[in-house]
1. FRET efficiency for Gln36 and Arg158, Cβ-Cβ distance as r, R0 = 41 Å, nearest 0.05?
2. Given only helices, namely DSSP H runs of n ≥ 4 each adding -39500 (n - 2.57), what is the per-residue ellipticity at 222 nm of the chain, to the nearest 500 deg cm²/dmol?
3. Cα extents of region 3-87 along the three principal axes, largest first, in whole Å?
4. How many percent of DSSP beta bridges within the chain run antiparallel, rounded to 5?
5. Using the structure shown, select from Lys35/Lys235; Lys5/Lys90; Lys144/Lys235 the pairs with a Cα to Cα distance greater than 28 angstrom.
6. Under a 5 Å amide H to amide H cut-off, with H placed in plane at 1.01 Å, what residues pair with Ala40 once short-range neighbours are removed?
7. State, to one decimal in nm, how far the label point of Lys54 lies from the label point of Met1, with both points 7 Å from Cα in the Cβ direction.
8. Go through 261-272, 241-252, 190-201 and give me the packing order, highest mean Cβ count within 10 Å leading.
Amino acid sequence: MNLKKKKIAVLMGGRSGEREVSLRSGSRVLESLRKQGYDAAPFDTDPDLLDKLKKKKIDVVFIMLHGRYGEDGVIQGLLEMNGYPYTGSKVLASALGMNKIASKRIWQALSIPTPKYFKIDATDNIPKQVDLISRRFPVPVVVKPVSEGSSLGVNIVRDVNLLESVVRGTIKDFSDVFVEEFVPGREVTVGILGRNSDLQALPVLELVSKTDFYDYQAKYTAGMTDFILPARLPKPVYENVQKTALDAHRSIGAYGFSRVDIIVSKDHVPYVHDINTIPGMTERSDLPAEAAHAGISFDDLVVRILESAF
């Protein structure tokens, strides 16, 4: 199939807290496609998006939306209902990947290591739940929104006396919240490329943040994180991390590409804590760096993702 004859919409921006990152990712993808001779144009998630796609006679949509309404299956369902091929994971895998509790339940069922957690019921007695958490998990613990990306709303709580106020604040900002046990170890991430049985785990990237953890600031501010490629892991552990990332990708039915975030504990167990079905493609993003280390240029990476639409 000659994709250079197709009209491509690069969908970026969106309505989530990751809008600015999405615009950066999408602009870089758009620039690469045009440089390589593809007929590509930028689109945002306006109310009249479908009319615009129809008017421009778009053939395929390259989704570069991060977070809610773009990475969670919503836009994927809209495009499917209207007959537009699109890049990356389909509706169910996108929804599962975005919902951290849903994905963790799948990993638990398949014996893929993931940190233990407690789902907060915002309609129930918060002090009682906080007391139960403090008896179940020693501090530090991690408070997270159920459905957000780029570490938005994530807090490590090291003082049990602050746990209730952090939980309440996170509920106020994000509604659905859970508390996860803190697993000390190396923060690593693994990109996955390919479709069906033809899957490739990219080199393992180790992240050494100058903040408390690899948060939004560390991800998108120059100089706030040291990126170590390949990760400083013994070979058997390194290979097990890649295998675990592949297992996590397959388990939710992810397609085309993803990035799996893992903590390698001090006893070398790879704990999966997140999967991103539309990872960032900015100049500071992890997936392009891992691909480059594997000999895949940014332009080639963009084309491989584009081909996942078919």
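1. Working from the Cβ atoms, E equals 0.30.
2. After summing the helix terms and dividing by the residues of the chain, the value is -11000 deg cm²/dmol.
3. 32, 27, 19
4. Approximately 80 percent, going by the DSSP bridge assignments.
5. Beyond 28 Å: Lys35/Lys235; Lys144/Lys235.
6. Ile8
7. Reported label-point gap for Lys54 and Met1 is 2.3 nm.
8. Details: 261-272: 18.9, 241-252: 21.6, 190-201: 17.4.
The densest-packed peptide leads the list: 241-252, 261-272, 190-201.
Only the coordinates and a few stated rules stand behind these numbers; no lab work does. None of these values were measured; they are calculated from a predicted model. Cβ: placed from backbone, ideal geometry, glycine included. Neighbour counts: every protein chain shown.
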